[in-house]
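Since the structure comes first, as structure tokens, the remarks are kept for the end.
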Amino acid sequence: MNFTKKILIFMGMFGSGKTEIALNVSRLLTKNGERVALADIDTISPYYRSRDMRDSFAQFGIKIIAPKGKLAHADLPIIPPEIFGYVENPDFRVVLDVGGSDDGAVVLSSLSSRLPDENCETFYVLNPFRPFNDTVENAASHFFRLQEKSRMKINYLVNNTNIGSETTSETIDKGEEFVKQLSEKVSVPVAFTVVMNGLNIEPRLFEQLEIKKYMLNPWEVE
Amino acid sequence: MAERIMVKGNEAMAEAAVRAGCRLYFGYPITPQSEFTEYMARRMPEVDGVFLQSESEVAAVNMVYGAACTGHRVMTSTSSPGFSLMQEGVSYIAGAMLPAVFVNVVRGGPGLGDIQPAQSDYFQSTKGGGHGDYHLIVLAPGSIQEAVDLMETAFRLADNYRVPVMMLADGMLGQMMEPVVFPEYVKLDGINDHSSWALRGTDGREPHKVTSFDIDPVRLEEMNTETHKVYEEIRSKEIRFETHDLEDADYILVGYGTMGRILGSVVKMARKQGIKVGLFRPISLWPFPYDELKKAAKGKRFCTVVEMSTGQMVEDVRLSVEGALPVHFYGRTGGMVPTPDEVFKELVRLIG
């Protein structure tokens, strides 16, 4: 996948995997020599947020924009204004990690006037193995509702089909088939299929984005 | 649908409650359990259930009290400060011997605390919290699948014994995501026949009375004695726990809930280095597995209890082993979670 636009936006339903993908894409861009600012505008999740990686990602040259100090853990909807500095700064790629579901999309909409379509690639991340995504019809209704609420034009679907460590090639096949049908229904192309490293699964239908899991539980020793 | 899907702990417990036959949910959102309330708001209308967001936790618990009087499966979910607000109602529900399920997704305390995970509500859950001689059955799942499986157990125990049951989780369990298989929907026909006492209309019969009150001290004592007979039966029948690598162990680690997962990693780390450590994980915190832990600890050199608190369950561990071996404690608080690494270092330090 060639990420061509300056601003890459990852949105989707709650728990679809936006944060892991935003972190991995940021890391990928820095490996290609780019400077990246990752804006954590997730005001929904209290844990497992990209801001938790602020220190370890600084060493890769990735600037994570999120409330600082004690406000990082406050249960408050804070959007740091410095995001717009990076949006205007020609030296930086900007990755937006949006909060989940409708409330997350509304936060994105509040920034949309400063995010012109021609500078943005907006990705709708989806895991069909999550609650409320059991049919293509349901998934499509979530897609349209979130697109409308975000006031952004969604350019791509991201197939993040997984059931964690129990993901098999059969899981990925099922997911690709589901996302293909969704893609036809909503007339938006699929950017890539996400595969966790170590699984050694080759997606059949779409390009692969191999990712590493950063949001680990304390008992998951790296 | 016996398919594995990826679910957050809060969503999973809520879905499991629906499948266990809960159609009456009253609650008030609080981090880190708000997804529970949100899930129920979306899900209850699909199954012709009642979802009601109350104006406060005080109201929610009294709605649960009222609904529980009908003998139908009813629940609420909250997090630490919210459960504190519910204590009066919990005591009334226990006093009136009503089945109800509470979920507490524990966060840092005391007071407003913070929104990170903690285990500092152990005393409140297992030893009262509200006033009077009462107990809640307290179940502490260590994984999302276990939480799902225990949810039906929680409702069944509440039904069978007419006691309120608490699922004690922590913020981590509420927020993390794991693969889960949900059980089939429970068939409720005939399994919770509460017609002898429940308030469901008086057509053709004398009115029932559900109360925690008796002005006559002789009768109140009788009522309390009856309740305590039920508690005795629960103590003898409803002990739940899990052990790992205990047989040849020299040392024993004790932790509940997600802490059990972390201690599982510690056991693996220690075993790799030839240190023989085993794990005891209580699942029912009330009734506490006193005798089982005493048996498990026999002949071991020492026991270390690890909690996300300044030391609460450790008191029950000391009561279990009755001084037969030293009981050490390691804890973090305020939402800090002990890592396997730091617990392992502490273990090595204690071995000396």
*Can you name the condition, by its number, that B:Pro32 falls short on among (1) within 14 Å of chain A (Cβ to nearest Cβ); (2) crowded, with 21+ Cβ neighbours inside 10 Å; (3) more than 20 Å from the chain's Cα centre (by Cα)?*
(3)
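Looking at this structure, is A:Thr19 surrounded by 18 or more Cβ atoms within 10 Å (Cβ to Cβ), closer than 23 Å to B:Gly174 by Cα, in contact with a Pro (Cβ under 9 Å, 6 or more places away or on another chain) and β-branched (Val, Ile, Thr)?
Numbers: surrounded by 18 or more Cβ atoms within 10 Å (Cβ to Cβ): yes; closer than 23 Å to B:Gly174 by Cα: yes; in contact with a Pro (Cβ under 9 Å, 6 or more places away or on another chain): no; β-branched (Val, Ile, Thr): yes.
No.
Within 14 Å of chain A (Cβ to nearest Cβ) and more than 24 Å from the chain's Cα centre (by Cα): is that true of B:Lys209 in this structure? Steps first, answer last, please.
On the way: within 14 Å of chain A (Cβ to nearest Cβ): no; more than 24 Å from the chain's Cα centre (by Cα): yes.
When the stated conditions are applied, B:Lys209 does not pass them.
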_Exactly one of these conditions fails for B:Gly130: (1) surrounded by fewer than 24 Cβ atoms within 10 Å (Cβ to Cβ); (2) touching a Leu at 6+ places or on another chain (Cβ under 7 Å). Give me its number._
(2)
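Being at pLDDT 95 or above and touching an Asp or Glu at 6+ places or on another chain (Cβ under 8 Å) is the requirement here; does B:Pro99 meet it? Let's see the steps before the verdict.
Details: at pLDDT 95 or above: yes; touching an Asp or Glu at 6+ places or on another chain (Cβ under 8 Å): yes.
Yes.
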_Here is a check on your reading of the model: is B:Val105 within 29 Å of B:Glu222 (Cα to Cα) and either within 14 Å of chain A (Cβ to nearest Cβ) or surrounded by 20 or more Cβ atoms within 10 Å (Cβ to Cβ) (or both)?_
no
*Please give the number of the condition B:Asp341 fails out of (1) within 14 Å of chain A (Cβ to nearest Cβ); (2) in contact with a strand residue (DSSP E or B) (Cβ under 7 Å, 6 or more places away or on another chain); (3) not hydroxyl-bearing (Ser, Thr, Tyr).*
(2)
_Tally of residues being more than 18 Å from B:Arg73 (Cβ to Cβ) and either touching a Lys or Arg at 6+ places or on another chain (Cβ under 6 Å) or without any contact (Cβ under 8 Å) to a residue 12 or more places away in the chain (or both) across the range B:98-112_ = 1
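Counting residues that are under 30 Å from B:Thr225 (Cα atoms), which strands (runs of 3 or more DSSP E) fully inside the range B:108-196 reach at least 1?
The qualifying strands (runs of 3 or more DSSP E) are B:137-139, B:164-170.
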*Examine the range B:131-148 for a residue that is at pLDDT 95 or above, touching a Cys at 6+ places or on another chain (Cβ under 7 Å) and under 29 Å from B:Gly255 (Cβ atoms), and state whether such a residue exists.*
no
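Residue-wise test of (1) at negative phi; (2) touching a residue at least 40 places away in the same chain (Cβ under 8 Å); (3) of a type in the set (Gly, Ala, Ser).
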residue: B:Ile262; (1), (2), (3): yes, yes, no
residue: B:Gly278; (1), (2), (3): yes, no, yes
residue: B:Arg281; (1), (2), (3): yes, yes, no
residue: B:Phe302; (1), (2), (3): yes, yes, no
residue: B:Lys345; (1), (2), (3): yes, no, no
_Need the failing condition index for A:Ile172 against (1) part of a helix (DSSP H, G or I); (2) away from chain B (no Cβ under 14 Å); (3) under 19 Å from B:Met6 (Cβ atoms); (4) touching a strand residue (DSSP E or B) at 6+ places or on another chain (Cβ under 8 Å), just the number._
(2)
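Has the range A:177-187 got at least one residue that is within 14 Å of chain B (Cβ to nearest Cβ) and either closer than 22 Å to A:Phe14 by Cβ or not polar (S, T, N, Q) (or both)?
Among the residues of the range A:177-187, at least one is within 14 Å of chain B (Cβ to nearest Cβ) and either closer than 22 Å to A:Phe14 by Cβ or not polar (S, T, N, Q) (or both), which makes the answer yes.
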*Being more than 14 Å from chain A (Cβ to nearest Cβ) and crowded, with 19+ Cβ neighbours inside 10 Å is the filter; apply it to the range B:163-183 and report the residue that is farthest from A:Arg130 (Cα to Cα).*
B:Val163
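Taking the condition of being in a loop (DSSP other than H, G, I, E, B) and either closer than 30 Å to B:Asp114 by Cα or modelled with pLDDT under 95 (or both), how many residues in the range B:23-32 meet it?
Going through the range B:23-32, the residues in a loop (DSSP other than H, G, I, E, B) turn out to be B:23, B:28-32.
Right, trim to either closer than 30 Å to B:Asp114 by Cα or modelled with pLDDT under 95 (or both) and you get B:28-32.
Of the residues in that region, 5 qualify.
Has the range B:279-290 got at least one residue that is crowded, with 16+ Cβ neighbours inside 10 Å, more than 27 Å from B:Met151 (Cα to Cα) and among the charged types (D, E, K, R)?
Taking the range B:279-290 and keeping what is crowded, with 16+ Cβ neighbours inside 10 Å, we get B:279-290.
Filter once more, so that each one left must be more than 27 Å from B:Met151 (Cα to Cα): none.
No - not one qualifying residue is present in the range B:279-290.
Of all residues being in a loop (DSSP other than H, G, I, E, B) and at negative phi in the range B:57-90, which is surrounded by the fewest Cβ atoms within 10 Å (Cβ to Cβ)? Just the residue, please. It would help to see each step written out before you state the result.
Initial filter on the range B:57-90 (in a loop (DSSP other than H, G, I, E, B)): B:69-73, B:79, B:86.
Next cut, at negative phi only: B:69-70, B:72-73, B:79, B:86.
Details: B:Cys69: 21, B:Thr70: 16, B:His72: 20, B:Arg73: 28, B:Ser79: 29, B:Met86: 26.
My answer is B:Thr70.
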_Tell me the residue from A:Leu157, A:Leu205, A:Leu146 that is assigned to a helix (DSSP H, G or I) and in contact with a helix residue (DSSP H, G or I) (Cβ under 6 Å, 6 or more places away or on another chain), please._
A:Leu146
_Considering only residues that are in contact (Cβ under 8 Å) with a residue 24 or more places away in the chain and part of a loop (DSSP other than H, G, I, E, B), which ones fall in the range A:181-201?_
A:Val188, A:Pro189, A:Leu199, A:Ile201
*So B:Ala147 fits all but one of (1) touching a strand residue (DSSP E or B) at 6+ places or on another chain (Cβ under 6 Å); (2) crowded, with 24+ Cβ neighbours inside 10 Å; what number is the exception?*
(1)
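Going through B:Ser212, B:Ser265 one at a time, which residue ends up being over 24 Å from B:Tyr122 (Cα atoms) and among the small types (Gly, Ala, Ser)? Even if it seems obvious, please write down each step before you answer.
Working: B:Ser265 fails: over 24 Å from B:Tyr122 (Cα atoms).
Testing whether each residue is over 24 Å from B:Tyr122 (Cα atoms) and among the small types (Gly, Ala, Ser) leaves just B:Ser212.
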*Applying the selection to the range B:238-275, what residues are more than 13 Å from chain A (Cβ to nearest Cβ) and under 15 Å from the mean Cα position of the chain (by Cα)?*
B:Glu238, B:Ile239, B:Arg240, B:Phe241, B:Tyr256
*Kindly check whether there is at least one residue in the range A:47-54 that is hydroxyl-bearing (Ser, Thr, Tyr) and surrounded by 22 or more Cβ atoms within 10 Å (Cβ to Cβ).*
yes
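For every residue, the table says whether it meets (1) closer than 29 Å to B:Ala118 by Cβ; (2) among the charged types (D, E, K, R); (3) touching a residue at least 60 places away in the same chain (Cβ under 8 Å).
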position: A:Ile41; (1), (2), (3): yes, no, yes
position: A:Lys70; (1), (2), (3): yes, yes, no
position: A:Ile83; (1), (2), (3): no, no, no
position: A:Ser101; (1), (2), (3): yes, no, yes
position: A:Leu108; (1), (2), (3): no, no, yes
_Residue count for the range B:115-127, restricted to those that are surrounded by fewer than 21 Cβ atoms within 10 Å (Cβ to Cβ) and charged (D, E, K, R)_ = 1
*Candidate set from the range A:183-222 (those that are within 24 Å of B:Pro340 (Cβ to Cβ) and among the charged types (D, E, K, R)); member that is surrounded by the most Cβ atoms within 10 Å (Cβ to Cβ)*: A:Lys213
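The values are calculated or read from the model by the stated rules, or taken from the named source; none is laboratory data. Worth saying up front: this structure is predicted, and the values here are computed from it rather than measured. Here the Cβ is made from the backbone with ideal geometry for all residues, glycine too, and neighbour counts use every protein chain on show.
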